[in-house]
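Note sheet for the following structure.
The values are calculated or read from the model by the stated rules, or taken from the named source; none is laboratory data. On a predicted model such as this, the values are computed, not experimentally measured, just so you know. Neighbour counts run over all protein chains shown; Cβ positions are idealised from the backbone, glycine included. Side chains included, ligands, DNA and RNA excluded: accessible areas come from the protein's heavy atoms. Shrake-Rupley method; radii C 1.70, N 1.55, O 1.52, S 1.80 Å.
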Amino acid sequence: MNHELYIGIMSGTSVDGIDAVVLQITDSQFSVLASLSHAFTPTIKQKILELFEPSYNEIDRLGELDKQLGLLYAQCVNQLLVKAKLKAADITAIGCHGQTLRHRPNNPHPFTLQIGDASVLANTTHIDVVSDFRKADIALGGQGAPLTPAFHHAAFHANGHERFIINIGGIANITHLSSQHAITGWDTGPGNGLMDYWINKHRQKPYDHAGQWASSGQVNRPLLDQLLGHPYFEKQPPKSTGKEEFTHSSLERLAHSHYPSIKPVDVQATLLELTARTIATDINHVSRSPSAEAFVCGGGAFNIQLINRLKQLSRPTVYTIDTLGFNPMHIEAAAFAWLAHQFTRRQTGNLPSVTGASKPAILGALTYHGQY
């Protein structure tokens, strides 16, 4: 059996750091041989967060951060190679998602922007890099997101079974896999992003471990209703969103202007409820089979309170994706390793039934490492 090795790199809207995996692909079978997580320094994290919303001197700051992230991605890859006892020559290509700073698929001139200098990454690791995955789909009238459903189908579909793959990062998205219907998927709205921001501000913690803080608060119904009134939730798929639509500043205005006496812990409980309800509502709306199953991946898989609420609210039975043999933190990085594989094989990577693109497309742009 032939097998190829790819490295996938993901740094998402949660802005907690870089996840990287070595993915072995053998006759359409996938296995993660090694993984590495590289936390962002507070300085890098702050630079990314500041660029999520319009502010001063953006182009210079963006250019500098683009280079810094390229170097960080390269450092992560080189450490991963050492850990896996592999050489650069063993890897066919790196699939690098980059760091999303803007995602505007519904603008008059739609665009998406991910940074992380691919030339720096390729020439520092001596491995070819496939990056810039989203633009081809947007050029074809699609949302450019989510892109992981094609990998979810390749890795997790099961004939005769209805499955949902729920990825809960900074933004949450779902993939609906059914033998009876076309594959669909979309961003449901906030995942961990608003919760992480709120606990960091009020308790100086990067995230709410197991949802313990949220579980000690009470859901504020008027605030929840205000949050659920966001126009994004009324849109029909295909749809996608980002942190620029669910901003920290808008949360601050809503919490303090309308509910100045609310306890911070109750805001946290309300934000968790927002994530759980918006995911469960979307799943329940399209689920058809009484035996449907849902599998959670991403950082949200470790939020016990969130998983418990999803189990209570969702008609499909909810599990974490380790039930299927994958670490929840490996899925997105593995997806971009797979998309690099699709690119090198000249095979399509998007699903028009998910993104709304006019046709399937080969996704990505290739940067050679320059040493052959």
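Quickly run through the stretch 235-265 and pick out the residues that are in contact with a Leu (Cβ under 8 Å, 6 or more places away or on another chain) and assigned to a helix (DSSP H, G or I). Explain how you work it out, then say what you get.
Kept after step one, since they are in contact with a Leu (Cβ under 8 Å, 6 or more places away or on another chain), are these residues of the stretch 235-265: 246, 248, 251, 254-255, 258-259, 262.
If the condition is that a residue be in contact with a Leu (Cβ under 8 Å, 6 or more places away or on another chain) and assigned to a helix (DSSP H, G or I), then 248, 251, 254, 255, 258 are the ones that fit.
Listed by first and then second residue, the pairs with beta-carbon distance under 7 Å, at least 6 apart or on different chains, first residue in the stretch 267-282 and on the phi > 0 side of the Ramachandran plot and modelled with pLDDT of 95 or more, second part of a helix (DSSP H, G or I) and not β-branched (Val, Ile, Thr), form an empty list.
If you take the residues in the stretch 257-282 that are among the charged types (D, E, K, R) and under 27 Å from the mean Cα position of the chain (by Cα), which one is least open to solvent (accessible area, probe 1.4 Å)?
273
Restricting 52, 30 to residues that are modelled with pLDDT under 95 and either of a type in the set (A, V, I, L, M, F, W, C) or assigned to a helix (DSSP H, G or I) (or both) narrows the list to 52. If you go through the stretch 55-72 and pick out every residue that is part of a helix (DSSP H, G or I), open to solvent by less than 60 Å² (accessible area, probe 1.4 Å) and either in contact (Cβ under 8 Å) with a residue 40 or more places away in the chain or hydroxyl-bearing (Ser, Thr, Tyr) (or both), you end up with 6.
Within the stretch 313-338, track down each residue that is part of a helix (DSSP H, G or I) and either touching a Ser or Thr at 6+ places or on another chain (Cβ under 6 Å) or touching a residue at least 24 places away in the same chain (Cβ under 8 Å) (or both).
Within the stretch 313-338, the subset part of a helix (DSSP H, G or I) is 313, 321-324, 331-338.
Within the stretch 313-338, 313, 321, 323, 324, 331, 332, 333, 334, 335, 336, 337, 338 qualify.
The set of residues from the stretch 104-116 being open to solvent by 20 Å² or more (accessible area, probe 1.4 Å) and either closer than 15 Å to residue 240 by Cα or under 21 Å from the mean Cα position of the chain (by Cα) (or both) comprises 104, 106, 107, 110, 111, 113, 114. As for the stretch 73-89, it holds no residue that is at pLDDT below 95 and in a loop (DSSP other than H, G, I, E, B). Scanning the stretch 13-41 for residues that are in contact (Cβ under 8 Å) with a residue 60 or more places away in the chain and open to solvent by 20 Å² or more (accessible area, probe 1.4 Å) yields 13, 14, 16, 19, 28, 30, 32, 35, 37. In the stretch 117-229, counting only strands (runs of 3 or more DSSP E) that sit wholly within it, none holds 3 or more residues that are touching a strand residue (DSSP E or B) at 6+ places or on another chain (Cβ under 9 Å) and surrounded by fewer than 16 Cβ atoms within 10 Å (Cβ to Cβ). Taking the stretch 169-198 as the range and being over 13 Å from the mean Cα position of the chain (by Cα) and not small (Gly, Ala, Ser) as the test, the residues that pass are 176, 177, 180, 181, 183, 184, 194, 195, 196, 197, 198.
Each row is one residue, and each column tells you yes or no for (1) among the hydrophobic types (A, V, I, L, M, F, W, C); (2) surrounded by fewer than 18 Cβ atoms within 10 Å (Cβ to Cβ); (3) over 23 Å from residue 20 (Cβ atoms).
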| site | (1), (2), (3) |
| --- | --- |
| 284 | no, yes, yes |
| 289 | no, yes, yes |
| 292 | yes, no, yes |
| 298 | no, no, no |
| 307 | yes, no, yes |
| 313 | yes, yes, yes |
| 318 | yes, no, yes |
| 335 | yes, no, no |
| 339 | yes, no, no |
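Among the residues of the stretch 246-266, those identified as in contact (Cβ under 8 Å) with a residue 40 or more places away in the chain and more than 23 Å from residue 309 (Cα to Cα) are 247, 248, 249.
Could you check the stretch 1-27 and list, in sequence order, the residues that are part of a strand (DSSP E or B) and either small (Gly, Ala, Ser) or under 30 Å from residue 247 (Cβ atoms) (or both)? Let's see the steps before the verdict.
From the stretch 1-27, those part of a strand (DSSP E or B) are 3-10, 17-26; that's our starting set.
Selection gives 8, 9, 10, 17, 18, 19, 20.
A Cβ distance below 8 Å, combined with a sequence gap of six or more or placement on separate chains, defines the contacts here; from the stretch 218-243, residues that are over 20 Å from residue 110 (Cα atoms) reach residues that are assigned to a helix (DSSP H, G or I) and open to solvent by 60 Å² or more (accessible area, probe 1.4 Å) in the pairs 222/258; 223/258; 224/277; 226/258; 228/277.
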